[in-house]
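The values are calculated or read from the model by the stated rules, or taken from the named source; none is laboratory data. Only a predicted model underlies this, so the values are computations on that prediction, with no experimental measurement involved. FYI the Cβ positions are ideal-geometry reconstructions off the backbone, even for glycines, and counts take in every protein chain you see. Surface areas here come from the heavy atoms of the whole protein model, side chains and all, with no ligands, DNA or RNA. Shrake-Rupley method; radii C 1.70, N 1.55, O 1.52, S 1.80 Å.
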Amino acid sequence: MFWPAPASFRAQATIIAAASLAVVGLAGFIVYRAIRTTEGALVADSRQLCISACNELREQYEERIKEGDLLQMPPEAQDLSLTGISQTVLRTFEGVDGGIYLPKQDYVMGYAAPPRPAGPRPRPRGPRWEFIRSLAERAMSSSEIVTGERPYDTTYLVAAAVRSKSGEAVIWTMRRTLVARDPLMEEGRWWLAALVFSSVLGVFGIVSIWHMLRSGVEGVQRGLHRLEDDFTHRIPTMRGDFGLIAMAINRMAERRMALEEELRRQDRLAALGKVVSGVAHEVRNPLNSMKLKLQLLERRLTKGIPASDEIQEALREIDRLDMIVSRLLAFGRPAILNRQVQALQPLVEQAIRMVQEPAHKKDVRFETREMEDSLEVDVDGPQIVQVLINLFLNAIDASSPSGLVRVGAERSNGCVRVAVSDQGSGIAEEVKPHIFDAYYTTKPNGSGLGLAVSREIVANHGGRLELETSPAGTSFFLMLPIDRSRPL
Amino acid sequence: MIWVVKAVVAVLALASAFPGNAMQPEARHGQRGQRGYDSRDWTEGRKQEGLEFLAKVYDQRVKQPEPGPENIFLHLRASELIDRMKQPQANNFQFDRLFRATDSLLRASERIMQARKNGSIDDDERRDAALFLQRCYFRVQQAEYFAGVSGEKEAKQYVSHTRGLYQQARSAYDAHQYSKARMLGDASSLIAAALENIAQASLRIPDPPIIK
C-alpha cells in the first residue's frame, strides 16, 4: 500500500461505493460520448449542413426567378438552368444533394448530387423519394424551413426543405449520414449498453453488500457494546455470516457466564475455607489458653490454692472469643448505613485521635494537608471513621520508627478522594492481589479482617478503595461519591 | 452634379445598346406575358427582323476601335451563333435561345467597351457594386457547368473569359472604380447567361404544334 488504508469499515465501504459510482459515471460518459459522436453529432451536423445548403439554394433560385424567363421555358430547359444553380450551390456543401420539387407536377427539377466514384447519383426514387415528398408536403404548409431524418439502409437520411416565395416550388436538400447505422457502431453501442447495464448491476450489488455488511457490523458492534455492560444480553439473530458471528459471540458470552459462575462458586468456597481456617485459628488460641488455665485451676483447686487469676484469665479468653464471633458476624451481616452530609475534616481528625496511642509508641507522626472547609461527604460517619482507623493502623504498622504518614483529601471527578500514604517498604507483588481478602494477613497479631471490612464499608457507600505501592511506600485512596445516586 | 452627368451618359449608352424596335428578349417577354420562349412568336418575318437587329448591333460592336482579346472572342462567337440561327434545321426554340445568347454576347462586348472608357472613382456605389459582384460571381461559377453541357468547342474559352472578366471586375472594385466593376461583372454574367442559352439550345426540344 502506498497510502494508509482507512481503518473504519464505514470509510472503506464509502470508498468502495464512491469508486463504483465513479465507474458508472465513467461508463455513462463513454456511452454519452459514443452516442454524441456518432448518431447525435453527425445527424446534427448533417441537419445544419442541409439547412445552410437549402437556404443558399433558395436564395439563388429566387434570384434566378427574378430574371423572369425561367418559368416560361420548357421543362427540359428549366431543368438545365436549375441544375446549373444546384450544381454550383451544392458543390460547396459536402455530400449534400438537392433540387427543386414542383408539387403540382410531382416532379423534381434541377437535381444535383455530389460526384461519387460509382458515377452520377440517380434521381431520388423509392424510400428517398417518399421521404423528400413527405418533407416537401410539410414545407408547403410552413413558412419556415423544415427538417427531418430517417434510417435508410445502413445510413441515416437527413433533409431540409423550404417553400419558395411564390409557393410554386419546394427547395430541398438531403444528406446521407453514414456512421450512425454502421453495423460495427451498432454492435459497439450494444457493448456499451451492456457495459452500462453491468455497471449499474454491479453498483446495485455493491450497494446491497455494503448495506448488508454495514447493518451486520453495526448489529454486532451494538451487541458487543451492550455485552460490556450486561453480559446477559444476546445479539439478535441475523442472516448470513454475521448471523454465525452473532451466534458465536452469544455462545462465548454464555460460556463466559458459566465460567464466571463457576469461578464465583470456587471463590465462595475458597473464601469460606479461609474464613473457616481463620475462625478455627482465631478460636483455637483462646480455647488452648482456656484449656491451660482450666487445667491449672483444677490443680490449684485440688491443692486448695486460691485460683482467682486463672478464672479471670479464662473469662478474658471467653471475652476474646465473643469479640471474634461478634466481628465475624459484623463482617457477614448486611450493613445498615445512616448517611448524612457532613464535613470530612472532623472525621479524619477523629480517626487520627483514635490511633494516637499506637502512633506514639512507634513515634510515627501524622501530617494532614490542609483541606477545604467545603469538602463534605454523604456518609455514615462512624463507619468511615472505622475505615480511616484501619488505614491509619496499617500505615503505622508499615512505617519505620519515627516515620511519617501523610493524609490529604481533594475533590476529583465527582468524588472526594482521601489519600493515606506511608513511607514503608511497600507491599510485595504476591501479597497485593490478596490484600483485601478476609482473614488474609501478614501481621503476627492481625485478624485479616481490617481491609476486607473497610472495602465492604466503602463499597456500601458506592465508593472505591484502591492502593498504589512501591518500595518507597504505599498509598491507599479512599474515594467516596459526592452524589449518593451516582456511585463510582 | 458630376454623378448626375455620369448617370445620364450611362443611360444614353445603355439606350443605344437596346434599339427601340423592342426586339430585345426582356421587352418581348413583357409584352407576350405567359410564355417568353413561345416558338410561335418567331414567325419567319420576325426571325428576319431579329437577325437584322443582331447583325446591326454586331456591326456596331465590330467597328469599335481596339476591341481587345475578350471582345474579339465575343464577336467571333456572336458571328458563329448568327450563322447557326440562319441554318434551316434550327427550330424556333433553338432560334430563340441562340438569339438570346448572341444578344448576351453583344451586350457583354458593349459593357466591356464602356468599362474601358469608365475609370472614375466613386465611393457612393461601393455597397451596390459589392452585392452586384456577388451575384456575378455565382453566375461565373455556373458557367463551368453550362459549358460542360453546351457541347461548344470553345466552351473552355467562354469559361476562361468569364473568369477573366470577373477578376478584372474585382480589381476595379479594389481600385474603387465601382462603375467599371459593375460593367465588367455584368459582362462576365452575360457570357455565363449566353452559355446557359447555348446549352439550352443544344437540347432536343421539339416546337409545339401550331394551332391554326
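Residue under question is A:SER86, and the condition is that it be closer than 18 Å to B:TYR137 by Cβ and either open to solvent by less than 10 Å² (accessible area, probe 1.4 Å) or more than 14 Å from every other protein chain (Cβ to nearest Cβ) (or both); does it hold? The answer is yes for A:SER86. Taking segment B:138-156 as the range and being closer than 17 Å to B:GLY185 by Cα and either more than 10 Å from every other protein chain (Cβ to nearest Cβ) or open to solvent by less than 30 Å² (accessible area, probe 1.4 Å) (or both) as the test, the residues that pass are B:PHE138, B:ARG139, B:VAL140, B:GLN142, B:ALA143. B:ARG40 falls short on exactly one of the conditions (1) within 14 Å of chain A (Cβ to nearest Cβ); (2) open to solvent by less than 30 Å² (accessible area, probe 1.4 Å); (3) at pLDDT below 85, and that condition is (2). Of the residues making up segment A:223-244, those that are farther than 17 Å from A:ALA13 by Cβ and assigned to a helix (DSSP H, G or I) are A:GLY223, A:LEU224, A:HIS225, A:ARG226, A:LEU227, A:GLU228, A:ASP229, A:GLY243, A:LEU244.
Residues of segment A:98-109 that are at pLDDT below 90 and either closer than 23 Å to B:ALA199 by Cβ or crowded, with 23+ Cβ neighbours inside 10 Å (or both): A:LEU102, A:GLN105, A:TYR107, A:VAL108, A:MET109. Only a single criterion out of (1) under 24 Å from A:GLU376 (Cα atoms); (2) out of contact with any Ser or Thr (no Cβ under 9 Å at 6 or more places or on another chain) is not satisfied by A:LEU465, namely (2). Against the definition (in a helix (DSSP H, G or I), open to solvent by less than 20 Å² (accessible area, probe 1.4 Å), within 14 Å of another protein chain (Cβ to nearest Cβ) and among the small types (Gly, Ala, Ser)), how does B:ALA129 come out, yes or no? Against the criterion (in a helix (DSSP H, G or I), open to solvent by less than 20 Å² (accessible area, probe 1.4 Å), within 14 Å of another protein chain (Cβ to nearest Cβ) and among the small types (Gly, Ala, Ser)), B:ALA129 does not qualify. No other residue among A:GLU466, A:GLU430 is out of contact with any Phe, Trp or Tyr (no Cβ under 6 Å at 6 or more places or on another chain), of a type in the set (Asp, Glu), at pLDDT 85 or above and open to solvent by 20 Å² or more (accessible area, probe 1.4 Å) apart from A:GLU430. The set of residues in segment A:317-345 being at pLDDT 70 or above, surrounded by 14 or more Cβ atoms within 10 Å (Cβ to Cβ) and assigned to a helix (DSSP H, G or I) consists of A:GLU317, A:ARG320, A:LEU321, A:ILE324, A:LEU328, A:LEU344, A:GLN345. Can you tell me which residue is farthest from A:CYS54 (Cα to Cα) among those in segment A:148-175 that are touching a residue at least 40 places away in the same chain (Cβ under 8 Å) and within 60 Å of the chain's Cα centre (by Cα)? This residue is A:TYR156. Here B:GLN134, B:GLN167, B:GLN114, B:GLN177 are screened, and the one residue that is open to solvent by 80 Å² or more (accessible area, probe 1.4 Å) and more than 13 Å from chain A (Cβ to nearest Cβ) is B:GLN167.
Condition check ((1) part of a helix (DSSP H, G or I); (2) more than 14 Å from every other protein chain (Cβ to nearest Cβ); (3) touching a residue at least 60 places away in the same chain (Cβ under 8 Å)) across all residues:
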| site | (1), (2), (3) |
| --- | --- |
| A:CYS54 | yes, yes, yes |
| A:LEU57 | yes, no, yes |
| A:ARG64 | yes, no, no |
| A:GLY68 | no, no, no |
